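**Q** Sharing a structure, written as C-alpha cells. Questions coming.
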Amino acid sequence: MIKKKKTNLLDRFFKSNDPGSIEDNSLRKDMLQDTPYDNESMTKIDQTIKSRFIGSKRNWVQRLKSGLAKTSASLSEGISQVFAKRQLDSESFEDLEDLLIQADLGIETTARIVDHLSSNRYDKTISPKEVLEVLANEIEIILEPVAQKLDIVASRKPHVILVVGVNGTGKTTTIGKLAAKYCSEGRKVLLVAGDTFRAAAIEQLQIWGDRVGCEVAHRNAGADSASLGFDALTKAKEQNIDILMMDTAGRLHNKKELMDELGKIIRVIRKVDATAPHDVLLVVDATTGQNALRQVEAFRDRAGITGLIMTKLDGTASGGIIVAIAAQYGIPVHAIGVGEGVEDLAPFDAKEFALAIAQPKNIELDNSDTH
Ligand SMILES: Nc1nc2c(ncn2[C@@H]2O[C@H](COP(=O)(O)OP(=O)(O)O)[C@@H](O)[C@H]2O)c(=O)[nH]1
Ligand SMILES: [Mg+2]
C-alpha cells in the first residue's frame, strides 16, 4: 500500500500555497483575544480549528460512503458468495472479474486485481474479507497518482479556469462551490457566465455570485461566449483579479460543432493571455456510468482537459467509473461533489474513496461462516 506523507491537516483540505485561509486566521485571531499566548493555548486553538474541518470531513466521508453504498454492497455480497469456502481457481477468478466489471471498475483495474490474487494466492483459500482488502489496496494504488489538489498559482493574475462538460453534470454548481471556497480565502474571483445558450443558466450563475459575494461577467442569452470570455479576461487583468472561472454551455461530446466552439473559446481567450486557460476542468456526473469514459476521451481530445471533478457521489453513484477513468487516462481528479450545497465539494482522497467502494465492514459479520 502506498503510504502518503502526512502533511498539515488544514493544508490537506485547503490550498497549498497559502499559510491558511482568511477564515481560519480570523478564527485563530478571535480565539487569541481571550486566551494567553502560550504553547498550550496555541495547541488548543489549533485543535479547535482542526476539529471544525475534521467535522466537515467526516460529513463528506459519510455522504461518499452512503453514495457508494449500492456499489459497495453488491461488490461485498458478490465477493462473499464467490469466495465463501472456495479456493481461488480459474472459475472463481472469472466470477470475480464479472463482479468488478459490473461495478464499472474497468478492464485494467479488474486485470490488476485478478493478477495480484492469482500470482499470490492461486489454489489457496481466501476469505471474502481478504479479497476486499486486496481490492481496496489496488484501487488506492490506482487512484493515488490522480488525487491532486487544484493548484492556483497566485502570480497569475488571473488564474483562468474553464469548466466544461455535458448538460446537467453540475458545472455551474461546482463553479459556485469553488468560488465560495476561493472567496473565503480572500481571493478576488470573477465568474463568467459563458453558458449563453439559456437565460436561466446566466441567472443561475448570478445567484451563485450573489451568494458567495463575487462579481459575474455576463451578457444576454444568445451572445457569443468566446467574445464574452475575451472581454471578461481583459477586465480581470485590469482589476487584478486572482481567479477567473468561466462556465460553458453543456454539450454532448459527440456533437462536433459544439465541441468546436470550445476550441474557439480557448483560442480567443489566448489572445488576451497566451498561457490561459490554466485549467480546463471536466465535470463528470458519477451516476453516468460507462458513458463517462467517452466524455473524458472526447473532452480531452477536443478541449485539452487538465483535470476532473466528479459530482453526485452522494446519490446512487456508480463511483467505480472514477477508477476506470484513472486507470485508463491518468487525468488528475481534483475534487468530488457530495451534495448540492455550497460546502459539498470534498477534496478527492484515494484511500477514503477506495475504502468507500470496498468497505470491509460490510462483510465482517459474514466472515464467521467462511472456512
Ligand atoms: N446530489 C448532488 N447534486 C448535484 C451535485 N452537483 C450538482 N448537483 C445538482 O445537479 C443539477 C445540475 O447542476 P448544474 O450545476 O446546473 O449542472 P450544469 O448543467 O452542468 O451546469 C442541479 O440540480 C444541482 O443542484 C452533487 O455533487 N450532488
Ligand atoms: Mg450550467
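**Q** Compute the length gained on full extension between residue 238 and residue 220: take 0.36 nm times their separation in residues and subtract their Cα-Cα distance, giving the result in nm to one decimal. Don't skip to the answer; put the middle values down first.
**A** Numbers: separation 18, 0.36 × 18 = 6.48 nm, distance 2.29 nm.
Stretched out fully, the residue 238 to residue 220 stretch lengthens by 4.2 nm.
**Q** For the stretch 290-304, list residues with backbone N below 17 Å from a point placed 7 Å from the Cα of residue 256 toward its Cβ?
**A** From the stretch 290-304, the list is 298-299, 301-303.
**Q** What relative contact order, as a whole-number percentage, does the stretch 231-371 give when Cα pairs under 8 Å and 6 or more residues apart are counted? Write out the running numbers ahead of the final one.
**A** On the way: 152 pairs, mean separation 23.4, N = 141.
Across the stretch 231-371, relative contact order equals 17 percent.
**Q** Using a simple spin-label model with points 7 Å from Cα along the Cα→Cβ vector, what separation in nm is obtained for residue 97 and residue 116?
**A** In this crude label model, residue 97 to residue 116 measures out at 1.8 nm.
**Q** Excluding residue 286 itself, calculate the net charge of residues whose Cβ lies under 10 Å from the Cβ of residue 286, where each Lys or Arg counts +1 and each Asp or Glu counts -1.
**A** On the way: positive: 312; negative: 104, 285, 314.
So the environment of residue 286 carries a net charge of -2.
**Q** A further question follows. Sort 132-140, 62-70 by packing, meaning the average of other beta carbons within 10 Å per residue, with the highest value first. Present the calculation step by step, with values, prior to reporting the outcome.
**A** Details: 132-140: 21.9, 62-70: 19.6.
Order by mean packing, descending: 132-140, 62-70.
Read-outs throughout are calculated quantities, based only on the coordinates presented, and are distinct from any laboratory measurement. Quick caveat, the model's predicted, so the values are computed rather than measured. As a convention, Cβ positions derive from the backbone with ideal geometry for all residues, glycine included, and neighbour counts pool all protein chains shown.
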